[in-house]
Amino acid sequence: MAIVNIDELKVGNKVCYVPDHGKPKNGIIKEIPEHTKLAVRVVYNCNGEWHRYQEYTSAMTSLRDLEIGWKY
């Protein structure tokens with residue numbers, strides 16, 4: 001899997017976390033931090049209220065573990 005280019009991402013993009021091992025998870029980018037070009041903050045759990053993703057906790061996620069778009 002190729003690393004996602006951070007310059008192609010924006011807040012609100014749908015992404016899929018695909019780790020080397022473990023279960024893939026769909027999410028939405030909540031923040032693109034200025035202090036790193038290797039990770040973004042992604043909301044994975046929002047009780048199905050994806051339109052309110054900005055109100056939920058995000059997780060810093062490495063770009064190497066992300067794919068653009070929802071997969072599952």
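Out of the range 21-71, which residues are more than 16 Å from residue 7 (Cα to Cα), of a type in the set (D, E, K, R), surrounded by fewer than 16 Cβ atoms within 10 Å (Cβ to Cβ) and out of contact with any helix residue (DSSP H, G or I) (no Cβ under 9 Å at 6 or more places or on another chain)?
Across the range 21-71, the qualifying residues are 23, 52, 55, 71.
Which of (1) more than 12 Å from the chain's Cα centre (by Cα); (2) of a type outside the set (Val, Ile, Thr); (3) modelled with pLDDT of 95 or more does residue 41 not meet, given it meets every other one?
Residue 41 satisfies all of (1) more than 12 Å from the chain's Cα centre (by Cα); (2) of a type outside the set (Val, Ile, Thr); (3) modelled with pLDDT of 95 or more except (1).
Between a first residue in the range 43-56 that is touching a residue at least 60 places away in the same chain (Cβ under 8 Å) and a second residue that is aliphatic (A, V, I, L, M), which pairs have beta carbons less than 8 Å apart while being 6 or more apart in sequence or on different chains?
none
Given the conditions (1) modelled with pLDDT under 95; (2) on the phi > 0 side of the Ramachandran plot; (3) of a type outside the set (Phe, Trp, Tyr), which single one is not true for residue 3?
(2)
Kindly establish whether residue 15 is surrounded by 15 or more Cβ atoms within 10 Å (Cβ to Cβ) and either at pLDDT 95 or above or out of contact with any Ser or Thr (no Cβ under 9 Å at 6 or more places or on another chain) (or both). Talk me through it step by step, then tell me what you get.
Details: surrounded by 15 or more Cβ atoms within 10 Å (Cβ to Cβ): yes; either at pLDDT 95 or above or out of contact with any Ser or Thr (no Cβ under 9 Å at 6 or more places or on another chain) (or both): yes.
For residue 15, the condition - surrounded by 15 or more Cβ atoms within 10 Å (Cβ to Cβ) and either at pLDDT 95 or above or out of contact with any Ser or Thr (no Cβ under 9 Å at 6 or more places or on another chain) (or both) - is met.
The values are calculated or read from the model by the stated rules, or taken from the named source; none is laboratory data. Keep in mind that what you see is a predicted model, and the values were worked out from it rather than measured. Because the Cβ atoms are built from the backbone with ideal geometry, glycine has one as well, and the counts that use them run over all protein chains shown.
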